[in-house]
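Here the structure is laid out as structure tokens; the discussion comes afterwards.
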Amino acid sequence: MNEEKKIAGIYIRVSTEDQAREGFSLPEQEKRLRAMCEYKNYEIYKIYKDAGISAKTGNHRPAFEELLQDIRDKKCNTIVVLKLDRLTRSVYDMEGIMKFLDENNAYLDCANEEINTTNSSGKMVARLLTTVSQNEIERTSERTKFGLAGAIRSGHIPARAPLGYKHIDKKLVPDPLTKDIVIRIYNLYFEGKSYFNIATIFNEEKVLDKTNWKDTTILRIIANEVYKGDYVHGKRTKHPTYYENVVEPLISKEMWENCQVQKKKNQKNYMRTQTYIFLQKLRCPKCERILAGGASHKIKADKWYFYYRCENCKNNIHETKIEEHIKTLLADILEYDNVVNEFFLPVLKSKINNPKEEYEKELKNLNNKKERIRKAYIDELFTENEFKEETKIIENQIELINSKLLENSQAEQLNFTTKDILLKRDMDFINKVKLPISYYAFNENWNLLDREIKADIVMRYIDDIELEMKDNKYEIKQINFRSTFYSDFEELYKQGYIDKKRPLTYNFNGICTDTIVRYSEYLPIKEVMQHLCRLNEYYEVNFYKGTLYKETEKLDMFPLQKNEVPIRIFSLQENNNGDKDYVSMGMFATKNNPNDIKVNIKDVFETIPDNIEEDFC
């Protein structure tokens, strides 16, 4: 080392991780480096401290920048550090520091490492040590990422719990107090509401005692993968990592994906002067452009006429044409919506998703918290206004929990099952046959619905309507249902708890007739007879047996009585009777008049018979 007087700039740096791992506190570093300078007869110009900052490339270190400037200004000429990694762990950065020292006739001295930068050997040692240090930090980073990945896969999400979740034992779990808010947001959006609409509704209702809900807040919730059970780490980096099925989802993956599709369709489409029932559901078969909604108003008749047009091809199709073409289908969807979606599924869902014990535990915690706040107020730790504000928040949460417990209690008392779905649909059909006027008074009819409800039903169940060109005009080709609706429907159908309409040729009283019948899959004979007994609590319903021939799709059935109408046919043999060419079938039938109704007329619309526990009636 040359004999030039060494004027030291002592540089000390510590990050939180360093201090926790090795005890490199700033005072400890300063003490050791002062002793070294005294031993080597270095004059100490200044102590430069960077606290809580790592040596990663790109990090701004104010004290280190000040030290470099003082070397340029010839105020000091030697950097004194405890270890080389206090300066940097990057080979690239080290080369820059070495070049800077050469250009400014300055030096580097490390207390814990034999480094002398006045010669080529010393510089080589510095470079080697920096390479080792960089390798260490890269390996540490790899281990950290590996450990983090394992933690995330176990449900330990390294982020603040989003609305609808909370952390328990470091795991992200659904929060019973707020999860229904998130589910409601997705349902509202799925049904066609915009971010702005939802935020407005929540502000009007003061959801969570807030009046500052924003459309951007709703957007972030709709776009967050965590609600379908997945997590994206490093979302704002160039290389984010996607983890599937790491937390308990609040909504299905299908619902989430459908909402992303919907988001692309109706962004910025907040205000419309008219409601278009089939908006975003029609695409031009020529150019693939989504048809826009249009309307004209006939002043004399004071009537609106709605249509959908392609801006490119200048073709259009009237809304009434679409409705007429799929009116039967829409009526079926409405019937399904009335019975399954509006009546039974919410009840079944509430029984599954309302964890009574968890609610009661949360209620106890809230009451304890309320008591602690009361005692704190007595001890004058709260002002009166603070006490009232905190108490109000807790009381609102208690009220919400109590309402959930009440829902849970009511659901337990109702005791509905999937079997009741088929029973209710059969009862609706019987009521339509026996009491058509009353049926349409008690049940919604597509023609009588307002446009908003129609649009809501189409949005909920239909994904799109395929068109085709015939004689240069749009014609309906095919209806594609939303996969969520279709999968729910198919699952109930396969289990034998819901019916479909299907064409059939049957032989009644020696006469072959082509017709559309309500058809359901196989149910065990015990359930068939229990179902029949329940129907007979309210009406006279008969049970017939027959044979369906697979090749001809022809049904031979025992003779019906006069004025009897088939309610539903169903298979009496599992798996379609295997390879045999026939299937034993059953049929329920009733007379097309109200004379055999055994209960009050109102009861056939508003109640259902109790379950039959006996083997047979």
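Read-outs: derived from the displayed coordinates by stated rules, not from any lab. Here the structure is a predicted model, which means the values were calculated and not measured. Here Cβ is always computed from backbone atoms with ideal geometry, including for glycine, and neighbour counts include all displayed protein chains.
Structure values in brief
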{"item": "M255, M98 arranged by Cβ crowding within 10 Å, fewest neighbours leading", "result": "M98, M255"}
{"item": "Within straight-line cross-link reach of K494, aspartates and glutamates at Cα separation under 12 Å, skipping those fewer than 8 residues along the same chain", "result": "E521, E574"}
{"item": "For E257, E225, order by how many other beta-carbon atoms lie within 10 Å, fewest first", "result": "E257, E225"}
{"item": "Cα convex hull volume per residue for segment 165-271 (Å³)", "result": "120"}
{"item": "Net length gained if the chain between N112 and K171 were fully extended (0.36 nm per residue, minus Cα distance)", "result": "17.1 nm"}
{"item": "Listed peptides 186-193, 557-564 by packing density, highest first (mean Cβ within 10 Å)", "result": "186-193, 557-564"}
{"item": "Rh by Kirkwood over Cα pairs, then Stokes-Einstein D for segment 422-606 at 0.890 mPa s and 25 °C, µm²/s", "result": "131"}
{"item": "Cβ-Cβ FRET estimate between Q69 and E38, R0 fixed at 22 Å, reported to 0.05", "result": "0.30"}
{"item": "Nitroxide proxy distance, nm - points 7 Å out along Cα→Cβ at N365 and K83", "result": "4.1"}
{"item": "N187-V565 FRET efficiency (beta carbon distance; Förster radius 35 Å; 0.05 resolution)", "result": "0.40"}
{"item": "Summed residue charge, Cβ within 11 Å of Y461's Cβ, Lys/Arg positive, Asp/Glu negative", "result": "-3"}
